[in-house]
Amino acid sequence: MTETGADYRDAVLTGQEWSHRHFVRCDFTDADLHGLVTKSCTFDQCDLTRADLGESRHSASAFRSCTFRRAVLTGSTLTDCSLLGSSFMDSKLRPITLRDCDLTLAGLGGAVLRRCDLSGLRFREANLVEADLSDADLRDADLTGARLLGTVLTGADLRGARVDADGLRHARLAGAHVDLDTAVAFAAANGLVVR
């Protein structure tokens, strides 16, 4: 079932369970999706401005190039989901559970994800400029090509994470936990000669 351009503005859809549904360029502005459960659903270029997705659960679903502006995702759980190219502006994300998710090209500039478990997630080429990831668990996360200008990683666990030299230069890393490889890459990125 594919819906294209459907208007769900202000819809009250709390606690519904959706499976194998497909939405393309649908408008969920101000929709009440609290407690929504999706399984293997896709949302392509959908607008979720001010949508309430609190306490929702999503499994093997995809939100591709969607807009989450001032949306609420507190208490939500996403497992094996794709958020490819989606943007989260001024959205409430904490607490949120993300497991085996792909946030490649996601726009998370200024997002607050303090103390979140983000281990093993893919943030390739994501925009994390000025995001607050202090004390977050980023073990084995893929931050290749991610924009980390002013990103707060104070106290974050970066052991096993893949971070480019540019990110190591521009992120705020004081007190971050790193492995030897990252420490050497950090030194090299900041002009030190490691022998």
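Can you tell me which of R50, R70 is more than 18 Å from L128 (Cα to Cα), modelled with pLDDT of 95 or more, out of contact with any helix residue (DSSP H, G or I) (no Cβ under 9 Å at 6 or more places or on another chain) and of a type in the set (D, E, K, R)? Even if it seems obvious, please write down each step before you answer.
Values: R70 fails: more than 18 Å from L128 (Cα to Cα).
Within the list R50, R70, the selection yields R50.
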Practice problem: Please find, within region 166-183, the residue that is nearest to D135 (Cα to Cα) out of those that are open to solvent by 60 Å² or more (accessible area, probe 1.4 Å) and either touching an Asp or Glu at 6+ places or on another chain (Cβ under 6 Å) or assigned to a helix (DSSP H, G or I) (or both). | Solution: H177
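Go through region 35-65 and count every residue that is among the basic types (K, R) and within 16 Å of the chain's Cα centre (by Cα).
Number of matching residues: 2.
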Quiz prompt | Residues located in region 31-50, provided they are open to solvent by less than 10 Å² (accessible area, probe 1.4 Å) and part of a strand (DSSP E or B) | solution = T38, F43
Quiz item: Quick one: in region 85-128, which of the residues that are farther than 18 Å from V72 by Cα and among the small types (G, A, S) is least open to solvent (accessible area, probe 1.4 Å)?
Solution: A126
Quiz item: Taking region 146-165, which residues are open to solvent by 30 Å² or more (accessible area, probe 1.4 Å) and either farther than 20 Å from M89 by Cα or touching a helix residue (DSSP H, G or I) at 6+ places or on another chain (Cβ under 6 Å) (or both)?
Solution: L149, T154, R159, R162, V163, D164, A165
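The values are calculated or read from the model by the stated rules, or taken from the named source; none is laboratory data. Since the model is a prediction, treat every value here as computed from it, not as a measurement. Neighbour counts are summed over all protein chains in view; Cβ atoms, including those assigned to glycine, are modelled from backbone coordinates with ideal geometry. Please note that ligands, DNA and RNA were not included when accessible areas were found on the heavy atoms of the full protein model with its side chains. Shrake-Rupley method; radii C 1.70, N 1.55, O 1.52, S 1.80 Å.
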